[in-house]
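> Sharing a structure below in structure tokens format, with a few things to ask.
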Amino acid sequence: MSDIKKTDSKKTILKILKYIKRHIPLVVISILLAAVIVFLTLYIPILIGNAVDVLLGGKGNVDFDVLFEIMIKIGIVMGTTALAQWVMNTINNHITYHVVEDIRNDAMKKIQILPLSFLDTQSTGDVVSRVVSDVDTFADGLLMGFTQLFTGALTILGTLGFMLRTSPIVTIVVVVITPLSFFVAKFIATHTHDYFKNQSVVRAEQTALIDEMVGNQKIVKMFSREEAVKEQFDEINERLHDSSLKAVFYSSLVNPSTRFVNALVYAGVAVVGGFFAIKGWGSSGAAALTVGELTAFLSYANQYTKPFNEISGVITELQNAIVCASRIFELIEKEPQLPDAESAKALTKPEGKVSLREVDFRYVPDKPLIKNFNLDVKPGQRIAIVGPTGCGKTTVINLLMRFYDVDEGNISVDGTDIRDLTRKSLRSNIGMVLQETWLKAGTIKENICMGKPDATDEEIIAAAKAAHSHSFIKRLPNGYDTLIGEDGGMLSQGQKQLLCITRVMLCLPQILILDEATSSIDTRTEIRIQKAFAKMMQGRTSFIVAHRLSTIKEADVILVMRDGNIVEQGNHESLLAKGGFYAELYNSQFAI
Ligand SMILES: Nc1ncnc2c1ncn2[C@@H]1O[C@H](COP(=O)(O)OP(=O)(O)O)[C@@H](O)[C@H]1O
Ligand SMILES: [Mg+2]
């Protein structure tokens with residue numbers, strides 16, 4: 001179990017290194033600066049030790065010139081260290097920023113090419129949490145790792161060198177006691193890992209719930225679900241509290257216990273070193289220390305142990321970062337949708353002939369939905385699809401747009417299999433208006449131009465007039481430049497729908513799809529929308545999923561669906577005359 005975890009961490013670290021590799025020159029500079037900083041920091045105790053010896057050695061006759069010289073040196077060394085530190089921090093920030101940016105970009109790119117089946121079944125909150133908070137936590141850990149890991153490791157090596165030079169015997173005291181703190185920290189860190197991982201998972205769950213609640217506030221209120229949601233929230237919070245508390249408890253043990261070990265080291269050096277300073281080693285003086293050397297030594301012992309505490313802190317932080325990184329990589333490495341075929345052509349100015357041949361499709365492996373679906377649509381024909389909820393109407397549309405691929409059979413536009421066309425060109429030749437409107441935060445104009453960013457004002461106004469949206473847009477505070485939020489803000493459902501129609505009207509592709517576009521709209525607006533639709537559909541192949549009789553009646557072909565199959569097909573009169581399922585639906589006033 002823990003072996004699997006280790007190899008997972010290793011794999012994640014390798015992946016992180018791949019991102020860092022792009023910034024190798026900066027990393028090298030950063031390490032060099034770290035070396036300079038460490039060297040200078042370690043040089044200061046020597047200078048101070050020298051000063052102490054000058055003060056003591058003179059016996060009342062202090063050489064102030066030498067002392068002054070030493071002080072100047074100390075000042076210069078400190079200044080240089082500070083400057084180097086600043087440059088190194090800036091570079092590290094820069095590296096981290098770019099690594100994080102690259103990772104986020106990759107995540108965003110992946111989200112755009114993930115098969116819809118993934119996003120349809122995944123909670124948005126979880127995905128958002130991976131891209132936002134997990135990446136942030138990772139960045140914090142990475143930055144900390146960069147700044148403290150190098151300097152820490154170099155400080156340990158450097159102090160060791162300096163100490164060995166001064167007194168090998170006292171060095172042994174330090175080296176023997178210090179690793180204790182490291183083992184203590186490591187022991188604690190292994191225990192902390194699980195709790196951090198758990199914390200991340202529970203936090204994602206919480207984000208998902210908040211996201212759901214904020215997005216569906218009205219529904220929550222309408223069904224008086226506040227209590228239930230609150231309870232669920234409390235329950236998640238409880239779990240988050242539990243795992244955070246445990247993670248924090250364990251990681252907070254690290255500091256006091258390492259401090260304790262440091263105190264031991266300091267005391268050991270003071271006692272043994274003091275002994276040597278006073279007595280010398282025997283009387284030969286081979287291992288004797290001056291008082292200045294002892295001061296330097298004490299400060300080395302201090303500096304030597306410090307990175308051990310820091311490194312253990314960094315390790316906990318890095319562990320948390322690695323857990324978060326692995327969650328991001330999980331997303332980045334998700335199987336993308338099948339790429340467009342190498343030979344895929346762009347669909348240009350299609351006539352609008354559409355055919356479906358023996359199409360089979362299922363969302364879930366053991367639940368066949370569409371079976372042996374056949375349909376031929378001539379250019380310019382108007383097809384209405386009717387049938388009870390859940391019979392697969394929207395699914396047919398999903399297949400036409402190639403949001404999902406058929407399992408068997410094929411769908412073709414103008415005689416070309418849609419799998420031999422680029423998705424982009426296929427979709428840009430199909431105008432779609434859905435029941436749920438989709439608007440982005442921005443101006444009305446930006447929302448209309450989405451499919452044709454270079455449209456002129458005249459074109460936009462013409463489209464708006466054709467879609468019967470011009471009059472209400474004109475009455476908005478800033479007309480076409482009025483800002484709206486991504487949920488459409490102050491606009492009514494009907495107005496939002498009119499905007500979406502205007503958007504399609506502006507591009508006016510040869511094939512149109514309207515999926516229950518009028519189901520949530522008042523009758524007056526609906527009449528206007530109907531008119532707009534009628535105008536739009538002239539001479540265009542259109543697929544209409546609708547409840548309203550008027551739209552359906554005028555269709556050239558009505559497809560009557562039931563459980564994923566076409567059960568009847570024909571125009572209104574012939575289907576009524578037949579007296580089958582359609583007649584039944586019709587007579588029940590289309591209570592579909
Ligand atoms: N992304 C999906 N994953 C799994 N099942 C789905 C998905 N989308 C729709 N379904 C199921 O497929 C069936 C047909 O759905 P749909 O085509 O949306 O029906 P409708 O005719 O009401 O538009 C329903 O039973 C629905 O639950
Ligand atoms: Mg539907």
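> Please work out the Cα center distance from region 434-495 to region 312-364, rounded to the nearest Å.
Using only Cα atoms, the two centres lie 31 Å from each other.
> For Cα pairs less than 8 Å apart in space and 6+ apart in sequence, what is the mean separation divided by the residue count of region 348-410, i.e. the relative contact order in percent?
Rounded, it is 39 percent for region 348-410.
> On the protein heavy atoms, probe 1.4 angstrom, tell me the percent of accessible surface of region 354-587 carried by carbon and sulfur.
On the way: 5110 of 10430 Å².
It is 49 percent, rounded to a whole number.
> Now a separate question. For region 354-587, just say rounded, prolate or oblate: build the C-alpha gyration tensor, square-root its eigenvalues into a ≥ b ≥ c, call rounded for a/c under 1.5, and beyond that prolate if a/b exceeds b/c, oblate if not. Provide the component values of the computation, followed by the final result.
Working: a/c = 1.99, a/b = 1.54, b/c = 1.29.
Here region 354-587 falls in the prolate category.
> Compute the Rg/Rh shape ratio of region 135-220: radius of gyration over Kirkwood radius, all on alpha-carbon atoms.
My calculation puts Rg/Rh at 1.30.
> Taking the Cβ of E310 as the centre, find all other residues whose Cβ is under 13 Å away and add up their charges (Lys, Arg: +1; Asp, Glu: -1).
Every neighbour counted, the sum reads +1.
> Let me understand region 477-592 better: what is its radius of gyration from the alpha carbons, and its Dmax, in angstrom?
Reported Rg and Dmax, both Å: 16.6, 54.
> What does the accessible area per residue of region 165-304 come to in Å², with a 1.4 Å probe and no ligands, DNA or RNA counted?
58 Å²
> Taking only C-alpha pairs under 8 Å that are 6+ residues apart, what is the relative contact order of region 427-557 in percent?
Relative CO of region 427-557 lands at 35 percent.
> Further question on the same structure: Can you check what the Kirkwood hydrodynamic radius comes to for the chain, Cα pairs only, in Å to one decimal?
When all Cα pairs of the chain are included, the Kirkwood radius is 30.3 Å.
> Per DSSP H run of n ≥ 4, the term is -39500 (n - 2.57); total these for the chain, divide by its residue number, and report the mean residue ellipticity at 222 nm rounded to 500 deg cm²/dmol.
Per the formula, -21000 deg cm²/dmol.
> Give the whole-number value, in cubic angstrom per residue, of the convex hull volume spanned by the C-alpha atoms of region 95-332. Let's see the in-between values first.
On the way: hull volume 30.8 nm³, N = 238.
Roughly 129 Å³ of hull volume per residue.
> Using the Karplus curve 6.51 cos²θ - 1.76 cosθ + 1.60 with θ = phi - 60°, what ³J(HN,Hα) values do you get for each residue of region 260-265, in whole Hz, with x for Gly and Pro?
Karplus values, whole Hz, x for Gly and Pro: 4, 4, 4, 4, 4, 4.
> Sort 87-100, 338-351 for me by packing, meaning the mean count of neighbouring Cβ atoms within 10 Å per residue, highest on top.
87-100, 338-351
> Between region 114-173 and region 61-83, what's the alpha-carbon centroid distance in Å?
Their Cα centres are 35 Å away from one another.
> If the label point is 7 Å along Cα→Cβ of S133, which residues in region 203-240 have backbone nitrogen under 17 Å from it?
203-215, 230, 232-240
> Would you kindly compute the Cα radius of gyration of region 27-67 and its largest Cα-Cα separation (Dmax), both in Å?
15.7, 51
> Also, quick follow-up: Nearest 5 is fine: what % of DSSP beta bridges in the chain come out antiparallel, could you say?
Approximately 50 percent, going by the DSSP bridge assignments.
> Any idea of the accessible area per residue across region 354-587, 1.4 Å probe, to the nearest Å²?
That works out to 45 Å² per residue.
> For the chain, what does the relative contact order come out to in percent, with C-alpha contacts under 8 Å and a separation of six or more?
Here the relative contact order equals 15 percent.
The values are calculated or read from the model by the stated rules, or taken from the named source; none is laboratory data. Here the structure is a predicted model, which means the values were calculated and not measured. So basically every Cβ, Gly included, is an ideal-geometry build from the backbone, and we count neighbours across all protein chains shown. Ligands, DNA and RNA are excluded from the accessible area calculation, which covers all protein heavy atoms including side chains. Shrake-Rupley method; radii C 1.70, N 1.55, O 1.52, S 1.80 Å.
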